[in-house]
1. Give the number of residues within the range 51-104 that are modelled with pLDDT under 80 and not in a helix (DSSP H, G or I).
2. For the list (1) under 24 Å from Q50 (Cβ atoms); (2) modelled with pLDDT of 80 or more, I need the number of the one condition that Q127 fails.
3. What's the number of the condition K4 fails, among (1) within 24 Å of T133 (Cα to Cα); (2) at pLDDT 85 or above?
4. For the list (1) at pLDDT below 85; (2) assigned by TED's automatic domain parsing to the domain that holds F3; (3) under 30 Å from T166 (Cα atoms), I need the number of the one condition that L35 fails.
5. Please name all residue pairs, on different chains or six or more residues apart, with Cβ atoms under 9 Å, provided the first residue is in the range 126-137 and is in a loop (DSSP other than H, G, I, E, B) and the second residue is surrounded by 10 or more Cβ atoms within 10 Å (Cβ to Cβ) and polar (S, T, N, Q).
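The values are calculated or read from the model by the stated rules, or taken from the named source; none is laboratory data. None of the values given here were measured: they were computed from a predicted structure. Cβ: placed from backbone, ideal geometry, glycine included. Neighbour counts: every protein chain shown.
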Amino acid sequence: MEFKTFVFYLLATVMVFAALRVVTVRNPVHAALFLVLTFFNAAGIWLLLQAEFLAIVLVMVYVGAVMVLFLFVVMMLDINIDRLREGFWSYLPVGAVVGVIMLAEMVLVLSGPYFGLDAMPEPPAAQAGYSNTRELGRVLYTEYVYPFELASLVLLVAMVAAVALTLRKRTGSRHLDPAQQIAVKRADRIALVSMPAEKE
């Protein structure tokens, strides 16, 4: 076994284990940390495929920004874990059926004559001055521009939905309405009182 194949199987094994721990661990902070480990191993696999740009973007964007945001949200919100786990076993059969269907589809795709691992040719050697970042940008913005725009719209809808779901009024907090502050007149705030002079 070559060293590159050994590193691939090592990274893939750790990544699958960490992904399983993301959905099975009880503590949400531990789940977020296991997701960080999953992203790091996925970046290592991208490096083995000579896609350095994608590996660096995965580490910088997901580990450096998204996971930090996840950790802040998880630690700042008061999440009732027991209430979230009340209906876990009722959703397990549906989740198992969906997982089996996805596994069967992946087996069919990877074992096909065009997508099988044995049928894949070796990538050609990189020429002088070749940049996979430039090639990725060219393919992304020419051949796959419409799926790219569709994915950006889906992410925009997801961001708006996340803001709309978390934006709720709190009854216990005091807040000021700027429109009411601007509309206030002098007579509403100042009252002139005439008092008699005091006599000694």
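1. Qualifying residue count, the range 51-104: 7.
2. (2)
3. (2)
4. (1)
5. From residues that are in a loop (DSSP other than H, G, I, E, B), the pairs are A126/Q50; A126/N132.
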